[in-house]
Amino acid sequence: MEGTPRSGVQRRVSDSTALIVDDRGGVRHLVLNRPEKINAIDYDQHLRLRNHFEEADSDQSVKVVALSGVGRGFCSGDDLASSGITGNDPYKHRKVDLELGSGPSLLLESCAVLRKLSKPTVALMHGIALGSGYDYSLSCDFRIVTKNIRYGDPRINLALWAAEGWSYKLPRLVGQALVSRIAYLGESMDGEMAYNFGLAHRVVSGEPDIIESSRQFLERLVEISGRAYSRLKNDMLASMDATFDQSQAMSLAAGGL
């Protein structure tokens with residue numbers, strides 16, 4: 001997404017201009033707006049995102065939640081130059097020390113909230129989607145990318161351990177052979193590779209912006225029954241996180257047998 005939303009579109013801006021909240025026809029767009037940093041996410045932004053995920057989930061007018069970014073890319077990862085949260089830090093006791101500074105465990109919590117949202121969630125990605133941006137995308141139900149995207153988490157090539165929760169989600173989204181290439185070798189994917197691997201659901205042009213070129217897909221999601229989607233998503237996540245026997249028991253219970 002480049003620039004600001006077109007005139008006539010309902011637009012709400014959160015407590016900081018770093019995150020734009022843009023409602024379009026049942027879709028709530030949460031737009032990362034730190035283009036000077038390629039939308040690197042600092043602690044305030046993680047907290048802001050988590051709060052808006054929860055708000056969107058409880059808002060009956062919202063049918064779909066889409067995450068995107070302005071400028072040259074979706075997200076370049078965590079803002080390692082950030083001085084930390086502004087004001088009182090409600091998660092001060094829960095930070096994890098890493099080689100590159102203090103990484104907030106809030107990222108894990110925010111991604112967990114996004115993953116379990118009762119509504120369809122979509123990551124709309126262009127340019128760059130690395131690090132924490134990669135992790136947020138893997139927490140979404142769907143991922144739409146541009147052809148020339150640089151997508152993944154290459155930190156293993158710098159002998160760094162990635163502390164995000166994508167190490168749990170990635171094996172559940174692709175097979176072990178692909179995990180080896182993406183995670184162990186730190187390969188960055190372009191759009192076609194991500195699509196062929198099964199991580200991306202659409203490859204779009206990104207013109208005039210990623211939101212507009214994804215509009216048809218988003219409109220299709222708006223048409224789906226919210227109640228049915230929520231129930232199916234809940235059952236699918238529960239099955240993914242359960243043993244085979246537990247999954248079978250849940251299916252029998254759901255069928256009233």
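The values are calculated or read from the model by the stated rules, or taken from the named source; none is laboratory data. Predicted model only: the values in this text are computed from it and were never measured. Backbone-built Cβ (ideal geometry, glycine too); neighbour counts: all protein chains shown. Heavy atoms of the whole protein, side chains included, go into the accessibility calculation; ligands, DNA and RNA do not. Shrake-Rupley method; radii C 1.70, N 1.55, O 1.52, S 1.80 Å.
From the residues in region 36-80 that are among the hydroxyl-bearing types (Ser, Thr, Tyr) and in a helix (DSSP H, G or I), which one is least open to solvent (accessible area, probe 1.4 Å)?
Filtering region 36-80 for residues that are among the hydroxyl-bearing types (Ser, Thr, Tyr) and in a helix (DSSP H, G or I), the one least open to solvent (accessible area, probe 1.4 Å) comes out as Tyr43.
Does region 81-127 hold any residues that are among the polar types (S, T, N, Q), open to solvent by 30 Å² or more (accessible area, probe 1.4 Å) and modelled with pLDDT of 50 or more, and which are they?
Ser82, Ser83, Thr86, Asn88, Ser118
Could you check Glu187 against (1) part of a helix (DSSP H, G or I); (2) closer than 22 Å to Asn148 by Cβ; (3) of a type in the set (Asp, Glu) and say which number it fails?
(1) is the only condition that Glu187 fails.
Can you pull out the residues in region 1-24 that are among the small types (Gly, Ala, Ser), at pLDDT 50 or above and touching a strand residue (DSSP E or B) at 6+ places or on another chain (Cβ under 9 Å)? First the steps, then the outcome.
Keep residues of region 1-24 that are among the small types (Gly, Ala, Ser), which gives 3, 7-8, 14, 16, 18.
Within this subset, residues satisfying the condition of being at pLDDT 50 or above are 16, 18.
Passing the criteria: only Ala18.
For region 201-226, which positions are in contact (Cβ under 8 Å) with a residue 40 or more places away in the chain, part of a loop (DSSP other than H, G, I, E, B) and open to solvent by 30 Å² or more (accessible area, probe 1.4 Å)?
Hits for region 201-226 are His201, Ser205, Pro208, Ile224.
If Arg172 meets every condition in (1) of a type outside the set (Val, Ile, Thr); (2) touching a residue at least 40 places away in the same chain (Cβ under 8 Å); (3) not in a helix (DSSP H, G or I) apart from one, which number is that one?
With (1) of a type outside the set (Val, Ile, Thr); (2) touching a residue at least 40 places away in the same chain (Cβ under 8 Å); (3) not in a helix (DSSP H, G or I) applied to Arg172, the lone miss is (3).
Residue under question is Gly191, and the condition is that it be modelled with pLDDT under 95 and either touching a strand residue (DSSP E or B) at 6+ places or on another chain (Cβ under 7 Å) or among the small types (Gly, Ala, Ser) (or both); does it hold?
So Gly191 fails the test.
Just one of the numbered conditions (1) out of contact with any Ser or Thr (no Cβ under 6 Å at 6 or more places or on another chain); (2) surrounded by 20 or more Cβ atoms within 10 Å (Cβ to Cβ); (3) not polar (S, T, N, Q) is not true of Arg143; which one?
Checking Arg143 against (1) out of contact with any Ser or Thr (no Cβ under 6 Å at 6 or more places or on another chain); (2) surrounded by 20 or more Cβ atoms within 10 Å (Cβ to Cβ); (3) not polar (S, T, N, Q), the one that fails is (1).
Of all residues being under 26 Å from Leu237 (Cβ atoms) and charged (D, E, K, R) in region 171-200, which is surrounded by the fewest Cβ atoms within 10 Å (Cβ to Cβ)? Just the residue, please.
Arg172
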